[in-house]
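Below is one structure; the comments refer to it alone.
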Amino acid sequence: MQENNFKVNPRSLKTAVSRVEKDKIVTRGYNQRDLIEKIRYSDMVFLLLKGRLPTVKQARIFNHVLVSFCDHGVTPPSTQTARLIASSGSPMNSAVAGALLSFGHKHAGAIEKAMELYQSKINSAHLIDDPDIDNKQIASLAIEIYKEYVLKGKKIPGFGHRYHKVDPRADKLIEVAINEGFIGPHLKLALAVQDLLAEKKNIRLNVDGANAAILSDLGFDPELGLGVFIIGRVPGIIAHIREERMDEEEFRRFCDLDDIEYVGGR
């Protein structure tokens, strides 16, 4: 009789996120009963993603970031996609999924790219753990970025907005970061680049660029940038889906037959 050497590892999945026991749930080492009572939702998000609770200052600034992501109006593709799907009678989860699937290179993609840019420059100059950041070094890095992008006809991710000359969300995020005393090397770099662009091109940071710098100073890697954006954005998406169902006619159409010009063959 041939011996069966196939063995199943009873513990094939390892996780440091949570542990479930009889009558007990532990998240990142904390009993969820305690977390429910003692921390805010934004603190829980930070704990899940970073593996530790934020400091008081980090908690406040991270909450500001999530609030700034919540809703960006009806014009973005994600919002329009969600409302269009909702108008067809699809369930909430389908409409939310459609919104998330619309995020891509041209929509929400600037956050990760800006984080990669800031972090690569700061890391290359070994400024990440420098308690006394040399502003001359920051200025030099900003000039490097300007030459690498603007002088070569490329757009710096996280700068400029199709509606706002000064993005009110970015402006406020910078203000609260200053008031909180939370100006790390990445935000310093973003502000130095903004000084150059504002002077030469009248272009300023948008909400993605400001948050990319703040999230980098909070220690998030670029891959998590879009994830944090999604966490912040879903409440706004749900609000638009609900409004579409309650206030608009079913089966929304963005064009009628008369609006379509056929340019194919006979």
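The values are calculated or read from the model by the stated rules, or taken from the named source; none is laboratory data. These figures come from a predicted structure and were not determined experimentally. Positions of Cβ are backbone-derived with ideal geometry, glycine not excepted, and every protein chain shown enters the neighbour counts. To get the accessible areas, we keep the full protein, side chains included, count just its heavy atoms, and leave off ligands, DNA and RNA. Shrake-Rupley method; radii C 1.70, N 1.55, O 1.52, S 1.80 Å.
So here's what we get for this one:
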quantity	calculated
Derived scalar couplings ³J(HN,Hα) [segment 117-123; Karplus, 6.51 cos²θ - 1.76 cosθ + 1.60; whole Hz; x for Gly, Pro]	5, 4, 5, 5, 5, 5, 5
Average accessible area per residue (Å²) across segment 136-266 - probe 1.4 Å, nucleic acids and ligands excluded	59
Residue 126-residue 179 FRET efficiency (beta carbon distance; Förster radius 25 Å; 0.05 resolution)	0.30
Under 13 Å, Cβ to Cβ, from residue 33 - net charge with Lys/Arg +1 and Asp/Glu -1	-2
Rg/Rh for segment 1-111, where both radii come from Cα atoms and Rh is the Kirkwood radius	1.15
Most mobile listed residue (250, 180, 37) in the chain, GNM with C-alpha springs under 10 Å	37
Within the chain, helix-based [θ] at 222 nm, where runs of 4 or more DSSP H residues each add -39,500 (n - 2.57), nearest 500	-18000 deg cm²/dmol
Gain upon complete extension [residue 27, residue 71; 0.36 nm per residue less C-alpha separation]	13.0 nm
Burial order of peptide ranges 152-160, 210-218 (average beta-carbon count within 10 Å, highest first)	210-218, 152-160
Carbon plus sulfur fraction of accessible area for the chain, probe 1.4 Å, in percent	52
Rounded to 5, percent antiparallel among DSSP beta bridges of the chain	90
Solvent-accessible area per residue for segment 9-94 (1.4 angstrom probe, square angstrom)	63
